[in-house]
1. Does at least one position in the stretch 124-144 carry a residue that is over 19 Å from Gly36 (Cβ atoms) and of a type in the set (Val, Ile, Thr)?
2. Can you give me the number of residues within the stretch 17-47 that are part of a helix (DSSP H, G or I) and either at positive phi or surrounded by 16 or more Cβ atoms within 10 Å (Cβ to Cβ) (or both)?
3. Considering only residues that are without any contact (Cβ under 8 Å) to a residue 24 or more places away in the chain, of a type in the set (Asp, Glu) and closer than 16 Å to Glu20 by Cα, which ones fall in the stretch 52-86?
4. Could you give me the residue pairs with C-beta distances under 6 Å whose first residue belongs to the stretch 145-161 and is within 20 Å of Thr202 (Cα to Cα), whose second residue is of a type in the set (Phe, Trp, Tyr) wherever it lies, and which are 6+ apart or on separate chains?
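Computed from the coordinates by the stated procedures, all read-outs in this text should not be read as laboratory data. Because the structure is predicted, anything quoted here is derived from the model rather than measured. Here the Cβ is made from the backbone with ideal geometry for all residues, glycine too, and neighbour counts use every protein chain on show.
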Amino acid sequence: MAGKEGFGINAQVLQEVAQEIAATHRLGLQIGIVIGGGNIIRGEKYQAQGMDRASSDYMGMLGTVINALALQNALEKEGIPTRVQTAIEMAEIAEPYIRRKAIRHFEKNRVVIFAAGTGNPFFTTDTAAALRAAEINADVIMKATKVDGVYNKDPMKYADAVKYDRISYMEVISLGLGVMDHTAITLCKENKLPIITFNLNTPGNVQKAAKGESVGTLVAN
Ligand code: GTP
């Protein structure tokens, strides 16, 4: 969301992301979104400076709420009805997370953005995504990132890095591949939730992944 600035919200990038999601929603899919907050605040940075993990994690969760409100606005500009639900109650700003209400929103053709992670420190946005996906009985988690998929080593550093088209949860864990943290991967494995990870910066990728076309890497059993 930060674009070239590397911080904050770039209006053009935001709208492009919203357009990708809107086009995918128009295919007739029910979409829940879990958004991170690294463009607003990076907890690790403050932890490295000596702040305790709980405080910096809460700060990060508030960052995800900022992004959720921005994305809701951008999606509604594309004509997509959207609801934000927060895992930390802040009723003046958004609905609290209520599983059954979220499911009702999907039935009414609304996109639901789940903000504030799981509401607990020590859990990542990826874990929040895995948890919400399990709760709403999602068919798949689509992890949109800055890389094309899962590689055997860092493709930014090694020219001979090889991309996997498909990989198992156990391989991701045992090889220590950075698709998602272990808590998130384990939750996906236990709940048989496939993960498709792909590059969000390639236009059309979200729709391709949603249509089941080969894109990025599939993590499954
Ligand atoms: P249905 O009743 O299923 O049609 O859902 P709805 O979301 O349209 O109805 P509701 O009356 O619950 O919400 C109307 C608007 O108020 C929506 O934009 C909701 O996101 C928002 N809203 C609902 N509950 C809360 C809340 O606790 N806090 C905030 N800030 N907004 C809320």
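1. Within the stretch 124-144, the subset over 19 Å from Gly36 (Cβ atoms) is 137, 139.
Subsequent filtering for residues that are of a type in the set (Val, Ile, Thr) retains none.
No - not one qualifying residue is present in the stretch 124-144.
2. Step one: of the stretch 17-47, the residues part of a helix (DSSP H, G or I) are 17-25, 43-47.
Retained after the next criterion (residues that are either at positive phi or surrounded by 16 or more Cβ atoms within 10 Å (Cβ to Cβ) (or both)): 17-25, 43, 46.
Summing the residues that are part of a helix (DSSP H, G or I) and either at positive phi or surrounded by 16 or more Cβ atoms within 10 Å (Cβ to Cβ) (or both) in the stretch 17-47 gives 11.
3. Glu76
4. Val150/Tyr164; Ala161/Tyr151
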